[in-house]
1. For the range 283-307, enumerate the residues that are touching a residue at least 24 places away in the same chain (Cβ under 8 Å) and closer than 13 Å to PHE353 by Cα.
2. Among what's in the range 293-315 and is modelled with pLDDT under 90 and either in contact with a strand residue (DSSP E or B) (Cβ under 8 Å, 6 or more places away or on another chain) or more than 22 Å from TRP333 (Cβ to Cβ) (or both), pick the residue that is surrounded by the most Cβ atoms within 10 Å (Cβ to Cβ).
3. Applying the selection to the range 115-129, what residues are of a type outside the set (A, V, I, L, M, F, W, C) and either open to solvent by 40 Å² or more (accessible area, probe 1.4 Å) or modelled with pLDDT under 95 (or both)?
4. Anything in the range 66-104 that is touching a residue at least 40 places away in the same chain (Cβ under 8 Å) and within 11 Å of the chain's Cα centre (by Cα)? List them, or say none.
5. Name the residues in the range 173-209 that are outside any strand (DSSP E or B), open to solvent by less than 20 Å² (accessible area, probe 1.4 Å) and in contact (Cβ under 8 Å) with a residue 40 or more places away in the chain, would you?
6. Note down all Cβ pairs under 7 Å where the first residue falls in the range 269-282 and is under 28 Å from PRO293 (Cβ atoms), the second is at pLDDT below 95 and assigned to a helix (DSSP H, G or I), and they're at least six residues apart or on different chains.
7. Hey, can you tell me all the residues within the range 130-160 that are within 21 Å of SER55 (Cα to Cα) and either in contact with an Asp or Glu (Cβ under 8 Å, 6 or more places away or on another chain) or open to solvent by 50 Å² or more (accessible area, probe 1.4 Å) (or both)?
8. Please go through the range 238-292 and give me each residue that is touching a Lys or Arg at 6+ places or on another chain (Cβ under 9 Å), open to solvent by 60 Å² or more (accessible area, probe 1.4 Å) and assigned to a helix (DSSP H, G or I), ordered by number.
Amino acid sequence: MDVKFIFQRISQKLLEDFNISSEISHSVVKGDFREGYLREFLESGKIPPKYGIGSGLIISPSNEESNQSDLIIYDRDKCPTWMFDKRVQVFPIEGIYGVIEVKSRLAKPDLLDGLAKIEKLRKMVPRGAVLPFGIIFAYQLSNNSLDSLEKNLRDYQKEQSPSVWPNLVVVLQEGIILQLGRGLKHILKPEDFEQSVRPVAFSFKADTLFEFYSALFSILSNTHLGTLNVGNYRELSSKVGSHLVKNHVFVQKDNKTYALSETFINKVFLYCQQEGSKTVGEIFILQFGSIPPGYFTEDYLLSKCYYYDPENLPDIHQVNEPYKINEQGRPVWNKRLKAPSTYVEIDNEIYMFPTVYVWDDEANNLTEVVGKDL
């Protein structure tokens, strides 16, 4: 049996279906057909069932979000897919093997668009996680050549870190641009890309689909995902200036939500970095004069965090009648004190501070947030 001949016939059918769909004027519908043909090819027994194929968005534990990805190959056994709506799935980045950006015709702007999406995805990967593969697949050229696309890719790679380079650029019935290392060895994994690796175009013509399938199968077989901790997505960080921040939503009033502003977060961060860290037990003593009774473990009391208190405010034991109880049974604080206090997580470290510092300059220390900014 001539396996290549079978793939040649499948390739012809894919191109014929694409040419029919190109008569459709609606861009979204046309895109669905374009991606659907390739997806159907891969799902029809071409890759093992452990590999799921979806489309949508990819998110990281740092609350970074990819562009809409045409085809996402993920671990069907271990990776959850969270539905945003009926058309869009959301995938945690540690559970995916990679993405395929599908183009109708591959002109230079289309190539650069696909490269930008792969670059953004790779830059989202948490430290220690596997870099997902990135492939650009097109049905046709666009008044250009595979060699010109190779040059475009070489120019791009001269300016970019190897960690964001694509694995393959494929044009059906034309050929593939592969990443080759020393001795013309095909480099499969993004982790192995280095400055000596070069993109090289191969004119496979009718055998392009078979060579694409073979390369994809090798990439999947040689990629071993690490552990996915879904708990990392329980509360996602937000990007605030140059920092990743959690627990920064501060107050809700007048049907609006307010979070700590970039100005306040930077002020807390810079002061605390200069002062150095303290143990939780030391901060309790600063705030209350002693460690409050409770179920605090020794490990917790010895854990390190930062404390923002540039005015060295008095604690509640240093003043007479620090608060009164109002009609609702809640304390109303009479003076500027270390209590009440709260914390914000900045770049995975805890920063505690008296809340009075926020209310001192509410206009600058708080900012209204909505939707995905939370």
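The values are calculated or read from the model by the stated rules, or taken from the named source; none is laboratory data. Quick caveat, the model's predicted, so the values are computed rather than measured. Because the Cβ atoms are built from the backbone with ideal geometry, glycine has one as well, and the counts that use them run over all protein chains shown. Side chains are part of the model used for accessible areas, which takes the heavy atoms of the whole protein and leaves out ligands, DNA and RNA. Shrake-Rupley method; radii C 1.70, N 1.55, O 1.52, S 1.80 Å.
1. If the condition is that a residue be touching a residue at least 24 places away in the same chain (Cβ under 8 Å) and closer than 13 Å to PHE353 by Cα, then ILE283, LEU286, GLN287, CYS305, TYR306, TYR307 are the ones that fit.
2. Ranking the candidates gives PHE296 first.
3. Within the range 115-129, LYS117, LYS120, LYS123, PRO126, ARG127, GLY128 meet the criteria.
4. Answer for the range 66-104, where residues must be touching a residue at least 40 places away in the same chain (Cβ under 8 Å) and within 11 Å of the chain's Cα centre (by Cα): SER66, ASN67, PRO92, GLU94.
5. Initial filter on the range 173-209 (outside any strand (DSSP E or B)): 173-174, 181-185, 187-197, 203-209.
Next, from what is left, pick out any that are open to solvent by less than 20 Å² (accessible area, probe 1.4 Å): 181, 190, 193, 197, 208-209.
Residues satisfying the conditions are PRO190, THR208, LEU209.
6. THR279/LEU301; THR279/LEU302; VAL280/TYR300; VAL280/LEU301; GLY281/LEU301; GLY281/LEU302
7. Of everything in the range 130-160, those that are within 21 Å of SER55 (Cα to Cα) and either in contact with an Asp or Glu (Cβ under 8 Å, 6 or more places away or on another chain) or open to solvent by 50 Å² or more (accessible area, probe 1.4 Å) (or both) turn out to be VAL130, LEU131, GLY134, ILE135, ILE136, PHE137, ALA138.
8. LEU286
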